[in-house]
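These notes concern the structure reproduced below.
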Amino acid sequence: MATNKKEFPTPEEELAPWEQDLGQVGILRSALRARKWYGADWWFVAISMVMVAVFLIIAFFPAPFAPYGPNEIVGSSFLAPGETPPVPVLIIPQDSMVETLEDLAVPADSDRPSIAVEQGLPTSTALREQAQAIDDLLKDNPEGLRLRPRIERFNLLEDTLQAVVDGEVQAAVVQSTDFKVVSSQFPTLRQAESIMGDTATAGNFLLGTNDIGQDVFSRLIWGAQVALLIGFSSSIVALVLGVPLGLIAAFVGGALDRYLSLLMDSLYAFPGLILAIAITAILGPSVFNIIVAIAVVYIPTYYRIVRGQTFSVKEEIYVEAARSIGARRLEILRRYIFPNVIPSVAIIFSVNVADAILTGAGLSFLGLGLPPTIADWGIDLARGQRFIQTAWWLITFPGFAIMLVVLAFTLMGEGLMEIFNPKLRER
Amino acid sequence: MPRDILYSIKNLNVEYKTRAGAVRAVDNVSMDVFRGEILGLVGESGCGKSTLGKALMRLHTGPAKITGGELWFDGQDLMTLSDREMADIRGADIGMIFQDPMTSLNPVQRIVDHLVETIQTHEAGTSDKEAEARAEELVEHLGIRRERLSEYPHQMSGGMRQRVMISLALALNSKLVIADEPTTSLDVIVEYQFLDLLHKLRDEFGLTIILITHNIGVVAEIADRLAVMYAGKLVELGDCFGCFGSPKHPYTQGLLKAVPNIKLDGEELYKMTGEPPNLLRPPKGCRFHPRCPQVMDICRTQEPPFEHVEGTDQMTACWLYQEVAAGQEKNHA
């Protein structure tokens, strides 16, 4: 008998209580135990949740992730992703002691050093400005050092460098990329530091730079904040207004329902973006006004879904049964209708957040959104669109960011609904 | 012997407002329900039996409306109460069990919450703990383990849910339970257990039960009295023994003959001709006359009164048992 019992264990003996009934465990464990979620395998939803989590972390704490500030001009414009910007560098003989531009400074009464540059390139301007800046700093120098180089101009790169080899000049300033090409012809020369100091040599921007030399990656990171703010706030405002209106309209019915539905349907009849454009045009561009405009656009979505659902749930037998046990109207609305309506609202909410981010980006794209000093994906798209043929990275990455966040929210919303709705939970 | 009347229905009319006109689903129904009895209310689909059941709790909304009559429950006329007072009576004094146990519980609420809510709605001071303890005791009495109280409705079988529905009706010791086709969606074994339970509860709690069903076998099984409805009218009322032994109204006779019978022995089962009338335009006179095998002239023009049949305690609405009609028939012959 004992062996028999081992072979056919009852479920109670084998499984922990929470394993028998997912209804008794917390959200986390039931989420882990659920094998399949709505329309997708669990890992699909898990990935979207990770994506949303990353988005939220970046949106709340952008500083550690962004190498530069949102409006900082950090390098040359239109650098492709990963491209090192050409910098003017100091070229000197192999045996020279000179390492930086400052080393060329001499006492005021002695011979001024001469530096060769190639004519017609930004290097000569850079050299002049940089030398002037260093000279200004040296004004109060106790040793009386000054930096006022004579600038010798040559027509060709080779001639410029040959002048250093021949000893006509102490050093030359050429673009680092140019020197790389010809360095094998001049074995006696070497490249010293950039004349620009550290910032320019940092270079190597992960996602390139935009038309005014801002780091695209940093702007993406800072832009998450605005996207989150606009997406969430406007969806929450729309939800907070739309859901109760839909519930009450359907529950009370009659004239109230007719007039509210008329109002909502007229709002809904407008194309969303156009309505949002009209509202922001009236209110003026600011984050708050954009949130209001987008919220107004999405109220009818909530209203219609909730109203329709309420109408069908209202006729369910369990609502009648609730009345047969003497439940009050408010109680029926709160405990019977609302919880049965809310799963569909959760879905709309997640899709809505995504949609609101898109609409916000659309508004910025059209120039009705935020001032360009605020890092926003929509603004970046709008600015990048002019350079679509020369700098593909300007619109590609903000576009991807919007797409990924929208996708993540949509998938996660559907997954969450699955967990929170006991009717659909798979055991 | 005079029996204690719990619920007295007087000339009740319920109408559905439709575009084509008012449909009188319950037409001038009067009857008494005695304390502690099981009254079986039978009839075809659409004859108004469920409408009558709901009207007893004034549960109608929307197109249906009680347009006349009195509902005397335990000494007070429910028709004179405000909505709020009526809500106090629902659940506390009158409970209802619905046809489909699969959909009559809130899918997002645990079973225990249903019970606690019922108790707290009527006894506002009860703490959650107390209400839960009472709920546990109650469901164990009905044969559901107390651990299962924390489950959601979808985790229970149909029979269990129906027992939960009873426990909701019993939570506050309702005097009257209206069961609207409670066993229609259950299989025969569970149905048998359920009827058995109803019977036991009646004896134990002194419950009065109105059992609405289209299954005349169920009524024969447990009911004390039988009420038969046809096209919104009450056509026969009497104790089961009498009604099944010698049905008076031709409709009741037809119903009983149409029940499959083991003694049938190869004979064809009785088929009632015709179909139920459209209540928008009910037939003149007796509503059953187009299908009645014993139809007389008077049936086509005048409505029969609902009266006692002499020599029995059965009541019926049929000219066959009226002297006026008998005389007329003779003249005709």
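A short reminder: the numbers here are calculations on the coordinates, not readings from a lab. Here the structure is a predicted model, which means the values were calculated and not measured. A quick note on method: Cβ atoms are made from the backbone with ideal geometry, for glycine too, and the neighbour counts reach across all protein chains shown.
What the table shows:
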{"read-out": "Members of the range A:323-354 found to be of a type in the set (S, T, N, Q) and free of Cβ contacts under 8 Å to residues at least 24 places away in the same chain, listed by number", "value": "A:Ser324"}
{"read-out": "Where B:Thr121 falls short, out of the listed (1) β-branched (Val, Ile, Thr); (2) more than 7 Å from chain A (Cβ to nearest Cβ); (3) touching a residue at least 12 places away in the same chain (Cβ under 8 Å); (4) out of contact with any Ser or Thr (no Cβ under 8 Å at 6 or more places or on another chain)", "value": "(2)"}
{"read-out": "All positions within the range A:76-104 that are in a strand (DSSP E or B) and over 30 Å from A:Gly208 (Cβ atoms)", "value": "A:Ile92, A:Pro93"}
{"read-out": "Unmet requirement for B:Ile89, which otherwise passes all of (1) surrounded by fewer than 18 Cβ atoms within 10 Å (Cβ to Cβ); (2) within 9 Å of chain A (Cβ to nearest Cβ)", "value": "(1)"}
{"read-out": "Residue within the range B:164-187 that is part of a helix (DSSP H, G or I) and more than 14 Å from chain A (Cβ to nearest Cβ) present", "value": "no"}
{"read-out": "Filter result (within 17 Å of A:Gly367 (Cα to Cα) and of a type in the set (Ser, Thr, Tyr)) within the range A:263-293", "value": "A:Thr280, A:Ser286"}
{"read-out": "Number of the exception - B:Pro282 against (1) touching a His at 6+ places or on another chain (Cβ under 7 Å); (2) within 16 Å of B:Asp27 (Cα to Cα); (3) not hydroxyl-bearing (Ser, Thr, Tyr)", "value": "(1)"}
{"read-out": "Looking only at the range B:93-108, and only at residues there that are at the interface with chain A (Cβ under 7 Å from one of its Cβ atoms) and farther than 14 Å from B:Pro182 by Cβ, the one that is surrounded by the fewest Cβ atoms within 10 Å (Cβ to Cβ)", "value": "B:Pro107"}
{"read-out": "Flag if A:Val287 is surrounded by fewer than 18 Cβ atoms within 10 Å (Cβ to Cβ) and at negative phi", "value": "yes"}
{"read-out": "Residue in the range A:364-378 that is more than 12 Å from chain B (Cβ to nearest Cβ) and on the phi > 0 side of the Ramachandran plot present", "value": "yes"}
{"read-out": "Matching residues in the range A:332-343 - criterion: being surrounded by 18 or more Cβ atoms within 10 Å (Cβ to Cβ) and either facing chain B (nearest Cβ under 7 Å) or not in a helix (DSSP H, G or I) (or both)", "value": "A:Arg335, A:Tyr336, A:Asn340"}
{"read-out": "Matching residues, the range B:145-164, being under 18 Å from B:Ser185 (Cβ atoms) and of a type outside the set (D, E, K, R)", "value": "B:Pro153, B:His154, B:Gln155, B:Met156, B:Ser157, B:Gly158, B:Gly159, B:Met160, B:Gln162, B:Val164"}
{"read-out": "Residue list for the range B:137-163, filter: more than 13 Å from chain A (Cβ to nearest Cβ) and over 21 Å from A:Glu320 (Cα atoms)", "value": "B:Glu137, B:Leu138, B:Val139, B:Glu140, B:His141, B:Leu142, B:Gly143, B:Ile144, B:Arg146"}
{"read-out": "B:Leu115 being within 12 Å of chain A (Cβ to nearest Cβ) and over 30 Å from B:Ile5 (Cα atoms)", "value": "no"}
{"read-out": "Number of the exception - B:Ala258 against (1) among the small types (Gly, Ala, Ser); (2) buried (at least 16 other Cβ atoms within 10 Å of the Cβ); (3) out of contact with any Ser or Thr (no Cβ under 8 Å at 6 or more places or on another chain)", "value": "(2)"}
{"read-out": "Residues that are of a type in the set (A, V, I, L, M, F, W, C), free of Cβ contacts under 8 Å to residues at least 12 places away in the same chain and surrounded by fewer than 21 Cβ atoms within 10 Å (Cβ to Cβ), drawn from the range A:290-322", "value": "A:Ile317"}
{"read-out": "Selection status of B:Thr126, under 15 Å from B:Gly91 (Cα atoms) and either touching a helix residue (DSSP H, G or I) at 6+ places or on another chain (Cβ under 6 Å) or away from chain A (no Cβ under 11 Å) (or both)", "value": "no"}
{"read-out": "Count - residues of the range B:145-160 that are assigned to a helix (DSSP H, G or I) and surrounded by fewer than 23 Cβ atoms within 10 Å (Cβ to Cβ)", "value": "10"}
